[in-house]
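Here the structure comes first, spelled out in structure tokens, and everything after it is commentary.
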Amino acid sequence: MNWSNVDRARSAESMFSVKTATSNHFGEEAWYASLRASLEFWHEGVVSQCSDLIDPPIYLSATFPAEYRSAQLLAQPMFGSAYAAYTRYLMVQRVCDTLGLDMDSATMATSMGITRKDVILWAGAVEGTFANHRKVIRRAEELRHCLARMPSLTSRQAALRHSLVTFATSPSTHIAINVDDRAPELRWTHVQLTLALSLADQQT
């Protein structure tokens, strides 16, 4: 709703002129009811205008401080391209789920005007690159959950599960670990992650 100065003036004028029209017939109670209705209409217009002024990055950073911190930590050189993309995907997924956004919809928006693209850019990813990596990361997440439910694992399956758990662990947790004890998977490229998933598919 876009309100011009004329609209506001007319609304204010009608808000108080209503008393004259109603008090003669219905008294003060009817006037207050009309006033409340006018104020609600006015408030709706103000909220709509404020929504148009919301800055997505500022709003998302304030609403999701933990995810914002993780996005900043991904700039550390210790994190390879695969881990960074994986973490950003999980981050976008959590934020979209919380906001009620469909991860597969590019046009859906919240009442504040936040879209999936806003979340992706805020997380530090590029929309096209994010889409390219999404299929691989979704497959990795499915496999991670599948391995977690299995009562027993082969040595290769156990190693893969360990690698995928590493990818699903937050950057702050990895940074807190001694440098010599950090998992080598943190430096993996997308090719290495894809290869590990391909080998897992061959075993199933």
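The values are calculated or read from the model by the stated rules, or taken from the named source; none is laboratory data. Being a predicted model, the structure only gives us computed values, none of them experimental. Positions of Cβ are generated from backbone atoms using ideal geometry, with glycine treated the same way; all protein chains shown enter the neighbour counts. Accessible surface is based on the protein model in full, side chains and every heavy atom, while ligands, DNA and RNA are left aside. Shrake-Rupley method; radii C 1.70, N 1.55, O 1.52, S 1.80 Å.
Numbers at a glance
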{"item": "Rel. contact order, % - alpha carbon contacts under 8 angstrom, at least six apart, segment 127-204", "result": "33"}
{"item": "Sulfur and carbon atoms: percent of accessible area, segment 49-125 [1.4 Å]", "result": "55"}
{"item": "Positive minus negative residues near Leu90 (Lys, Arg vs Asp, Glu; Cβ under 12 Å)", "result": "+2"}
{"item": "Prolate/oblate/rounded call for segment 108-204, Cα gyration tensor, a/c under 1.5 rounded", "result": "prolate"}
{"item": "Accessible-area value, Tyr68, 1.4 Å probe, nucleic acids and ligands omitted, Å²", "result": "90"}
{"item": "Charge context of Gly80, other residues only, Cβ under 14 angstrom, K/R +1, D/E -1", "result": "+2"}
